[in-house]
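Chemist: I'd like to ask some things about the structure below.
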Amino acid sequence: MAEPYRTEQRKAEHVDIILQENVSAEYNFWNDVKLVHQALPEVDLDAIDTSVRLFGKKLEAPLVISSMTGGFEMGKEINANLARAASEVGVAMGVGSQRAAFEKPELESTYAVVRDYDVPLRFANLGAPQLVPQASKRAYGLADAKRAMDMIDADALIVHLNFLQEVVQPEGDRRAKGILAAIRTIASKVPVMAKETGAGISREVAVALKKAGVKAIDVGGLGGTSFSAVEYYRAKKEVSSLKERLGATFWNWGIPTPASIILANVGLPIVATGGVRSGLDVAKAIALGATAAGMAKPMLEPAKLSAEAVVAELRAVIEELKAAMFLSGASSIDELHERHAVVSRPTSDWIELGSED
Ligand SMILES: Cc1cc2nc3c(=O)[nH]c(=O)nc-3n(C[C@H](O)[C@H](O)[C@H](O)COP(=O)(O)O)c2cc1C
């Protein structure tokens, strides 16, 4: 099968599987985090300010619609709905990996459609494995990074780290040597946010990424959509028993998102993605040290319907966030940062072990 066709088909399969099957990690680690109730909030609910700055841009709420799609026909409508909603509510958004548009330029419009909307912060997206040569494929470099950003008029480039997915997927890229140096080259010229896609960022990796010059880290931890689970279902369809087995074995591999927020805190802005399912989870992420939280799957479902459905979901999340801020006595995101979170096991074990040098 020709490569562009495979990439395009894979994008469509991912969306279908994620909407039809249960592809969540077995445990949502946000359950282990609790905020301390403030019986005397001393703030007015209506005066609560949820705005925040990320990459120099003002967001009305600390939310990123996480990178998901583009690269197949339906992706255009999904991206348009997400972008319209992001601009209406004032939150950030990322598009999915733009490799598909590099392989097949007629797919560019499925990403470029987001330029039609006034999204306050837009992230382009390329995969770290594509920054080094893979089998017969050339490595993407600075010119490609710029091309991806220009395609959607992006403010920053997400370089996603997805080696868990690569190792369990039938056509996965296997080369990882030299990727940090490649990230360094790109990050020296354009603003980069490094992002995991479900397996989290350890302290060691966060330190290395900071040294390589990335400007922010999306910890993309364990607890939400599991790409091992997604690949398990794809392998099942392709009757690939080894890949099916790998997908099942690594379904719950990774560092829990709340733990990763603390481990990856090396003085860069942190976006917390992975299993965020409510505004209460967003508040927990902020209290643990994140600047914003990212949501993927919860936004995909409404985006298949309409922009209005995405707006409704975003507004509900923001109402939950405000309620959590009110009940914690925080009138701003800065104040929420100062609030204590109680973290129980198993997440607390990860924090304890992972913090040791
Ligand atoms: C349909 C779909 C496609 C995705 N494609 C990408 C991608 O191309 N690049 C990327 O960085 N992350 C991608 N992700 C990962 C998400 O951005 C996010 O890190 C992950 O789904 C965990 O968030 P969730 O639990 O809210 O779904 C994708 C997620 C979904 C649901």
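Chemist: Please check: in the Gaussian network model of the chain (C-alpha springs, under 10 Å), which one of T249, T225, T110 has the largest mean-square fluctuation.
Modeler: T249
Chemist: Turning to a different aspect of this structure: Based on the alpha-carbon gyration tensor of region 189-313 and its eigenvalue square roots a ≥ b ≥ c, which shape applies: rounded if a/c is under 1.5, prolate if not and a/b is larger than b/c, or oblate?
Modeler: Oblate, because a/c is 1.5 or more while a/b does not exceed b/c.
Chemist: Before rounding to the nearest 500, sum -39500 (n - 2.57) across all DSSP H runs of length at least 4 in the chain and divide by the residue total; then give [θ] at 222 nm in deg cm²/dmol.
Modeler: My calculation for the chain gives -13000 deg cm²/dmol from helical runs alone.
Chemist: Still on this model: Classify region 259-341 from the C-alpha gyration tensor, please: rounded if a/c falls under 1.5, else prolate or oblate depending on whether a/b exceeds b/c.
Modeler: Oblate is the answer for region 259-341, as a/c is 1.5 or above yet b/c matches or exceeds a/b.
Chemist: Right, something else. Considering only DSSP beta bridges where both residues belong to the chain, give the percentage that are antiparallel (nearest 5).
Modeler: Looking only at bridges with both residues in the chain, the antiparallel portion is about 25 percent.
Chemist: Another question, if that's okay. If you count the DSSP beta bridges with both ends in region 71-227, what percent of them are antiparallel, to the nearest 5?
Modeler: Antiparallel bridges: around 5 percent, rounded to the nearest 5.
Chemist: On to the next question. Please build a GNM for the chain, connecting alpha carbons under 10 Å apart, and tell me which residue among T69, T291, T185 fluctuates the most.
Modeler: Maximum among the listed residues: T185.
Chemist: Enumerate by residue number the GluC sites (Glu not before Pro) in region 1-77 meeting two conditions: DSSP loop (anything except H, G, I, E, B), and at most 11 other Cβ atoms within 10 Å of the site's Cβ.
Modeler: Those that pass, being in a loop and sparsely packed, are E26, E42.
Chemist: Classify region 303-357 from the C-alpha gyration tensor, please: rounded if a/c falls under 1.5, else prolate or oblate depending on whether a/b exceeds b/c.
Modeler: Oblate is the answer for region 303-357, as a/c is 1.5 or above yet b/c matches or exceeds a/b.
Chemist: Assign unit charges at the C-beta atoms only (+1 for Lys and Arg, -1 for Asp and Glu), then state the dipole size of region 54-165 relative to its Cα centre in Debye, rounded to the nearest 20.
Modeler: 360 debye
Chemist: Please report, in cubic angstrom per residue, the volume enclosed by the convex hull of the alpha-carbon atoms of region 1-112.
Modeler: Dividing the Cα hull volume of region 1-112 by its residues yields 163 Å³.
Chemist: Would you kindly state how much longer the chain becomes between K304 and S51 on full extension, computed as 0.36 nm times their sequence separation minus their alpha carbon distance, in nm to one decimal?
Modeler: Contour length minus the Cα-Cα distance gives 88.4 nm.
Chemist: Oh, and also: Under a 10 Å cutoff between Cα atoms, tell me which one of D32, D116, D144 has the largest fluctuation in the Gaussian network model of the chain.
Modeler: In the Gaussian network model the winner is D116.
Chemist: Here's something else I'd like to know. Find the centroid of the Cα atoms in region 99-171 and in region 297-311, then give the distance between the two in whole Å.
Modeler: 22 Å
Chemist: Let me ask something else. Membrane-span-like helices in the chain: DSSP H runs reaching 27 Å or more (Cα, own axis), mean Kyte hydropathy at least 0.5?
Modeler: Passing helices, by number: 307-328.
Chemist: What number, in percent, do you get for the relative contact order of the chain if the mean sequence gap of Cα pairs under 8 Å and at least 6 apart is divided by its residue count?
Modeler: 23 percent
Chemist: Within the set K11/K177; K137/K237; K57/K297; K195/K297; K243/K304, which residue pairs have Cα atoms separated by over 19 Å?
Modeler: With Cα atoms farther than 19 Å apart: K11/K177; K137/K237; K57/K297; K243/K304.
Chemist: Additional query: For region 195-240 and region 49-97, what is the centre-to-centre distance using only Cα atoms, to the nearest Å?
Modeler: Distance between centres, Cα-based: 19 Å.
Chemist: I would also like to ask the following. Under the Kirkwood approximation for Rh and a Cα-based Rg, what ratio Rg/Rh is obtained for the chain?
Modeler: 0.95
Bear in mind these aren't lab numbers, they're just calculated from the coordinates by the rules spelled out. Quick caveat: nothing in here was measured; it's all calculated off a predicted structure. Because the Cβ atoms are built from the backbone with ideal geometry, glycine has one as well, and the counts that use them run over all protein chains shown.
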